[in-house]
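Note sheet for the following structure.
The values are calculated or read from the model by the stated rules, or taken from the named source; none is laboratory data. From a predicted model like this one, the values you see are computed outputs, not experimental measurements. Neighbour counts run over all protein chains shown; Cβ positions are idealised from the backbone, glycine included. These accessible areas exclude ligands, DNA and RNA; they are computed on the full protein's heavy atoms, side chains included. Shrake-Rupley method; radii C 1.70, N 1.55, O 1.52, S 1.80 Å.
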Amino acid sequence: MPSVCWQIIFRPTQEPSPAFEDFMDSFFEVSSQNYASSPDKPDEYVGYQSGSFDEQSMLSAARALDVELPPYEISELKSDNWLKDYVIKFPPFEVGDFCIYGIHETAAPQTSKIPLQIYAATAFGSDHATTRGCIAALCELKHHGFAPRKILDIGTGSGILSLCAASLWPQASIFAGDIDDEAVIVAAANAETNRLNRRITAFLSDGYQNPQIAAQAPYDLILSNILANPLISFAPDLSRNLATGGYAILSGFVNDQTSDVIAAHQAHNLKQAKLYSIDNWRVALLHKAKKS
């Protein structure tokens, strides 16, 4: 018999508070975040609860945390395996040298590309335009002969960029930080699933603040797929931790934010090597040259 699951989709009109995210994590059996289809639309936050669901209990839990819930929609789902069918399922996709597929798949897809298996329901890193662009930039660096030994991934999310980097450069050590402890757990689990955990170190960090980032610096390659404002504020830290001659791959910003992101890094001795465009999203490949 199909099992029952309740799906509650929240559609905030503005960036939700940390208290709301705590509520999502504590109240629901599983929670996830869905990227918006375009930059001018808000992301969706989705909670899943199996068995019975009491809306009043949800409202009481939110009040206890002093959380004002955004507009939401409640749906009853029926499935033989609701976790597989509704939470972690995404179709395999190919980008650059890779084929990315979910943990719900029983076997790797038939492909000539490098297979990577990820669980992305509770962390960033599914099939998003910025992810695709960053992977394309990584593959292009590889095919041009770039061979980094130390790589830093700021805002690692599901760890997908770290997984790609570890697969492209077997000699490299990858350090992956994220402000969200759930993302760190997922990134570490994905590294273990793909047998890359010996070379990927996932840790909690608000930007570049974790001391082990400075301890391992400088890095030959820095990856950061986050948002425009934190990218701009992190520009001095990125330059400080990036080796001369190294590269940075940045994304999470749209066309009209590009000049501000690039200018912030040019002020710290980084030059634009290439700009990738996918829909309205942009990915910048930057190079840190020697000072003239």
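What to note about this one:
- The gain in end-to-end length when the Ile232 to Phe203 segment is fully stretched comes to 8.2 nm, 0.36 nm per residue minus the alpha carbon separation.
- Protein accessible area in the chain, 1.4 Å probe - carbon and sulfur %: 48
- Furthest towards positive pole of dipole, Ala147, Ala214, Leu238, structure part the chain, Cβ charges: Ala147
- Result for the chain in a Gaussian network model with C-alpha springs under 10 Å: among Ala191, Ala217, Ala64, the largest mean-square fluctuation is at Ala64.
- In this structure, the amide hydrogen of Cys99, modeled 1.01 Å from its nitrogen in the peptide plane, lies closer than 5 angstrom to those of Ile114, Leu116, counting only residues at least 5 positions away or on a different chain.
- For region 229-234, backbone phi angles converted through the Karplus equation (6.51, -1.76, 1.60; θ = phi - 60°) give residue-by-residue couplings of 4, x, 4, 5, 5, 8 Hz, Gly and Pro being listed as x.
- Between Ile179 and Thr13, full extension at 0.36 nm per residue minus the direct alpha carbon distance yields a gain of 57.5 nm.
- Size of charge dipole - region 181-292 - debye, nearest 20, with Cβ of Lys, Arg +1 and Asp, Glu -1, no other charges: 640
- Global geometry of the chain, whether rounded, prolate or oblate, following the gyration tensor of its Cα atoms and the 1.5 cut on a/c: prolate
- Phi-based couplings in Hz for region 147-154 (Karplus 6.51, -1.76, 1.60; Gly and Pro marked x): 9, x, 9, 10, 10, 10, 10, 9
- DSSP beta bridge pairing in the chain, given as percent antiparallel to the nearest 5: 60
- Among the listed pairs Lys113/Lys142; Lys150/Lys288; Lys113/Lys288, those beyond 21 Å (Cα-Cα): Lys113/Lys288
- With protein chains left intact and a 1.4 Å probe, residues in the chain average 49 Å² of accessible area per residue.
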